[in-house]
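Reviewing the structure listed below.
The values are calculated or read from the model by the stated rules, or taken from the named source; none is laboratory data. Keep in mind the model is a prediction, meaning the values are calculated, not measured. Cβ placement follows ideal geometry from the backbone for every residue including glycine, while neighbour counts extend to all protein chains displayed.
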Amino acid sequence: MKIAVRIVLPLLACFIVSQSLAQRKLIDKYLSNEKDTTRNGRFIVLPGLAYAQETGFEFGLVGMYAFYTAKDDTLTRSSSVSGVVTFTTKKQTNLKFQADVWSPQNKYHYLSEIRYKNFPFNFYGVGDATHATDKDVLVQQLIRLYGEVEKKITSHYYTGISTDYQHYQYTDKVAGGIYDVPNPSFTGRDGGNVWYWGLSQIIDTRNTNTYTTKGTYVKLNYSYAPGFFGGDNFTGSFIKLDFRTFAQLKPKLVLGINVNYQALQGSNAPFYLMPQLGNDQMMRGYYTGRYRDKNLMAAQAELRYRFFSRLGIVGFAGAGNIYGIRKFDIGRLKPSYGAGLRYFFDIDRDLSVRFDYGIGEKRPGEKRQTGFYVSIAEAF
């Protein structure tokens, strides 16, 4: 018995010490205000759980791995690989993997996405005056393969090339809704294929690509989809402009402004390629796809106050709309405003988990549109 006690007690002591050290490391990793000068990679995983009538229970994981391609070069920007994996009790799947990699000295910037989605969504039609009562639940099967390479030409100027393949297929869960009613405003009910080839021009003077406090970012992308697939598949172009600028008003207070423009041009423009108003980055508070059309214009401003290295709050406000054949009408702008909380899980790279609540318009006879978002990294 004495021999057993002599063996067990040291083992128990080692276990307690190891657990205490592990807990201390975990606390230091996610709660300490001290930075990690080793510039090692950082990994975070968040659980996902939701319920909706059309999906049943949805469960899965959201994760990100952040790293530097050159640890000894403090000017090399933070890179990341992220993923979303969710499943539902009604056998639906959502898989998305993205990479955002900066080479040493930021000479090259690589972007990629692989996505498979077999998931229901609410379809309301096309235009900026759709009605909640027209909601028609569709099941979308999406496959996307995207890649882009940007090369530094001068200290703040990049040029890039991209390729983007997308496959869409749709099933109407309940026949007889707005999706089945003939309407010349949208085509592509059976889905289709598109393959874009694009050219980008970028000006980037930001001090960092994660939590920017000063500088400007402008990216103009022109993509063309030739008639590879024939038939009723889309042939034409897609133009995107992303403008961001930041100013540090006080040591802990930052103002960010973001303007976004998108235009789909060409024959047989299908509804599934049309710009959609509302997501967790721009026009927060609107269900993605509630409003869609061939053109989109939106702008927002965000005040960020980081009162501790680990915690911050934001307030945001903006306006935007989609439009088709008619010209952009400033009188039809839709509002977007709200607030959010930031927890910085990596203070070395200024990477955050954000919790945002956005508020949109209130249409006659409908509830005010709102949205709650939990995401990794800043909105812009």
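Answer yes or no: is there a residue in region 25-45 that is surrounded by 10 or more Cβ atoms within 10 Å (Cβ to Cβ), aliphatic (A, V, I, L, M), at pLDDT below 90 and part of a helix (DSSP H, G or I). Yes: one or more hits.
Which of the following residues is aliphatic (A, V, I, L, M) and either in contact with a helix residue (DSSP H, G or I) (Cβ under 7 Å, 6 or more places away or on another chain) or at pLDDT below 95 (or both): ILE325, ILE313?
Working: ILE313 fails: either in contact with a helix residue (DSSP H, G or I) (Cβ under 7 Å, 6 or more places away or on another chain) or at pLDDT below 95 (or both).
ILE325 is the lone residue from the list that is aliphatic (A, V, I, L, M) and either in contact with a helix residue (DSSP H, G or I) (Cβ under 7 Å, 6 or more places away or on another chain) or at pLDDT below 95 (or both).
The listed residues are GLY320, GLY340, and the only one of them that is without any contact (Cβ under 8 Å) to a residue 60 or more places away in the chain and closer than 24 Å to GLY289 by Cα turns out to be GLY340.
Restricting ASP100, ASP128 to residues that are under 30 Å from GLN201 (Cβ atoms), of a type in the set (Asp, Glu) and in contact with a Ser or Thr (Cβ under 8 Å, 6 or more places away or on another chain) narrows the list to ASP100.
Please enumerate the residues belonging to region 325-347 that are of a type outside the set (Phe, Trp, Tyr), farther than 18 Å from GLY256 by Cβ and surrounded by 18 or more Cβ atoms within 10 Å (Cβ to Cβ). LYS334, ASP346, ILE347, listed by residue number. In the condition set (1) buried (at least 18 other Cβ atoms within 10 Å of the Cβ); (2) out of contact with any Pro (no Cβ under 7 Å at 6 or more places or on another chain); (3) more than 28 Å from ASP346 (Cβ to Cβ), ASN258 is compliant with all but (3).
Of the set (1) within 18 Å of the chain's Cα centre (by Cα); (2) surrounded by fewer than 18 Cβ atoms within 10 Å (Cβ to Cβ), all apply to PRO104 but (1). Scanning region 64-81 for residues that are more than 15 Å from VAL353 (Cα to Cα) and small (Gly, Ala, Ser) yields a total of 3.
Just wondering, is there one or more residues in region 237-246 that are modelled with pLDDT of 95 or more and touching an Asp or Glu at 6+ places or on another chain (Cβ under 7 Å)? Checked against the condition, which is being modelled with pLDDT of 95 or more and touching an Asp or Glu at 6+ places or on another chain (Cβ under 7 Å), region 237-246 yields no hits at all. Restricting region 208-233 to residues that are aromatic (Phe, Trp, Tyr) and modelled with pLDDT of 95 or more leaves a set whose member that is surrounded by the fewest Cβ atoms within 10 Å (Cβ to Cβ) is TYR224.
If you go through region 238-248 one residue at a time, do you hit one that is among the hydroxyl-bearing types (Ser, Thr, Tyr) and surrounded by fewer than 21 Cβ atoms within 10 Å (Cβ to Cβ)? If you could, list the steps in order and put the result at the bottom.
Applying the first criterion (among the hydroxyl-bearing types (Ser, Thr, Tyr)) to region 238-248 yields 245.
Filter again for surrounded by fewer than 21 Cβ atoms within 10 Å (Cβ to Cβ), leaving 245.
Looking through region 238-248, at least one residue is among the hydroxyl-bearing types (Ser, Thr, Tyr) and surrounded by fewer than 21 Cβ atoms within 10 Å (Cβ to Cβ).
Inspect region 309-317 for any residue being part of a loop (DSSP other than H, G, I, E, B) and among the polar types (S, T, N, Q) and give the result as yes or no. Taking every residue of region 309-317 in turn, at least one turns out to be part of a loop (DSSP other than H, G, I, E, B) and among the polar types (S, T, N, Q).
For region 332-379, the tally of residues that are part of a loop (DSSP other than H, G, I, E, B) and more than 22 Å from PHE307 (Cβ to Cβ) stands at 11.
Residues that are surrounded by 17 or more Cβ atoms within 10 Å (Cβ to Cβ) and outside any loop (DSSP other than H, G, I, E, B) within region 188-207 comprise GLY192, ASN193, VAL194, TRP195, TYR196, GLY198, SER200, ILE202, ASP204, listed in sequence order. Among the residues of region 348-368 satisfying the criterion of being in contact with a strand residue (DSSP E or B) (Cβ under 7 Å, 6 or more places away or on another chain) and of a type in the set (Asp, Glu), which is surrounded by the most Cβ atoms within 10 Å (Cβ to Cβ)? Ranking the candidates gives ASP356 first.
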